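Right, one structure below, let's go through it.
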Amino acid sequence: MGRMLGLLLLLAGVSGILAQTDMKDQVFLFPKRSSHSHVRLLPAKNDPIDHLTVCLRSYTQLTRSHALFSLATENKDDAFLLFSYPHPTNMLSVSVGNHNLDYNLTARDTAEWRSTCVSWDSSTGVVQLWINGKPYPRKVLHKGHKINAKPIIVIGQEQDSYGGNFAADQSFMGEITDVHMWDKVLTQQNIADVLYKNIGGNVINWRSLKYEVEGHVIIQPYLCEIFYSSTCYPT
């Protein structure tokens with residue numbers, strides 16, 4: 001009974017519920033602009049980070065700037081950040097240790113559901129971005145830096161301090177699903193496996209997700225365009 005009550009509260013968007021569950025074919029729906037609503041993702045590891053890959057899928061009609069994935073440490077609010085600027089620049093910004101670089105996205109990579117994967121390797125500083133399975137030119141950012149231990153990871157908001165100081169005009173509105181994080185740089189074949197075989201992360205894993213909902217965030221089933229087929233991505 002207690003487990004069922006917790007699920008019903010989550011579906012209703014009630015704050016402060018801590019859960020761990022398989023989120024296959026589910027999304028977090030952020031229905032409105034907010035300076036509070038977010039989901040905190042609790043990592044399986046809390047060690048310092050010098051290699052990482054983050055993948056997620058998002059769907060939004062926002063034209064203003066907004067955060068997709070925010071990882072903060074006690075001394076760096078943008079320890080690792082994915083931030084979108086849809087209009088007028090059509091740009092995705094990647095930040096590591098409060099240093100950032102920008103990617104200009106093509107029009108086809110901003111429509112409807114978007115799959116985003118980003119890796120960073122401290123030893124070389126190389127950042128690799130994949131949008132909908134397409135690699136963008138590799139860039140270099142903050143070589144030699146190490147992200148401190150005990151990160152706080154948030155979706156739906158950008159952290160301007162460790163775990164908080166959110167701004168409504170940076171909040172995400174729309175749907176986010178399939179969030180994964182690894183403490184290594186994924187290969188090209190790994191990325192293909194993530195996109196088509198649902199390979200999960202070892203730091204954040206959507207299929208075994210430990211999270212806490214705050215504010216008005218609703219769990220909903222994933223919806224896809226309907227064709228003359230019984231299959232629907234993701235499977």
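Every number here is computed from the coordinates shown, using simple stated rules; none is lab data. As the structure is a prediction and not an experimental result, all values here were calculated from the model. We place every Cβ from the backbone using ideal geometry, glycine too, and count neighbours over all the protein chains shown.
Observations, loosely collected:
- With neighbours defined as other Cβ atoms within 10 Å of a residue's Cβ, the residues Cys55, Cys224, Cys117 order from fewest to most as Cys224, Cys117, Cys55.
- Within the chain, helix-based [θ] at 222 nm, where runs of 4 or more DSSP H residues each add -39,500 (n - 2.57), nearest 500: -2500 deg cm²/dmol
- Label sites at Ile226 and Thr124, each approximated as a point 7 angstrom past Cα along Cα to Cβ, lie 4.7 nm apart.
- Per residue, the convex hull spanned by the Cα atoms of region 163-214 amounts to 132 cubic angstrom.
- Principal axis extents of the Cα atoms in region 17-99, from largest to smallest and rounded to whole angstrom, are 38, 32, 23.
- Here region 117-159 is scanned for amide nitrogen atoms under 15 Å from the site 7 Å beyond the Cα of Gln188 along Cα-to-Cβ, giving 128-131, 133-138.
- Among the chymotrypsin sites (Phe, Trp or Tyr not before Pro) found in region 115-211, not one is both in a DSSP coil and sparsely packed, with 10 or fewer other Cβ atoms within 10 Å of its Cβ.
- Taken one residue at a time, the phi angles of region 69-80 give Karplus couplings (6.51, -1.76, 1.60, θ = phi - 60°) of 8, 10, 10, 10, 10, 4, 10, 9, 6, 10, 4, 8 Hz. Gly and Pro are set to x.
- FRET efficiency, Arg33 to Tyr196 (Cβ-Cβ, R0 25 Å, nearest 0.05): 0.15
- Segment Gln61..Lys146, full-extension length gain: 27.2 nm, with 0.36 nm per residue of separation and the alpha-carbon distance subtracted.
- For the chain, built as a Gaussian network whose Cα springs stay under 10 Å, the top-fluctuating residue of Asp183, Asp160, Asp77: Asp160
- Entry note, the chain: relative contact order of 36 percent, from Cα contacts under 8 Å with a spacing of 6+ residues.
- Straight-line reach from Lys76: taking Cα to Cα under 26 Å and skipping same-chain neighbours fewer than 8 places apart, the lysines in range are Lys45, Lys139, Lys143, Lys146, Lys150, Lys184, Lys210.
- Calculated diffusion of region 85-235, Stokes-Einstein form, Kirkwood radius summed over Cα pairs, 4 °C and 1.567 mPa s, µm²/s: 74
- Rg [Å, one decimal], Dmax [Å, integer] - region 38-156, C-alpha atoms: 13.8, 38
- Under a Gaussian network description of the chain, with springs only between Cα atoms under 10 Å, the residue in Val126, Val179, Val96 that fluctuates furthest is Val126.
- Max mean-square fluctuation residue, GNM over the chain, Cα-Cα springs under 10 Å, options Glu175, Glu158, Glu74: Glu74
- Taking only the Cα atoms of region 91-140, the ratio Rg/Rh comes out at 0.97, with Rh defined as the Kirkwood radius.
- For region 124-189, applying the loop criterion from DSSP together with a ceiling of 16 other beta carbons within 10 Å to the trypsin sites (Lys or Arg not before Pro) yields Arg138, Lys143, Lys146, Lys184.
- Relative contact order of region 61-112, pairs being alpha-carbon contacts under 8 Å that are 6 or more residues apart, as %: 27
- Mean Cα-pair separation over length for region 93-221, i.e. relative contact order, pairs under 8 Å, 6 or more apart, %: 16
- Charge context of Asp77, other residues only, Cβ under 12 angstrom, K/R +1, D/E -1: -3
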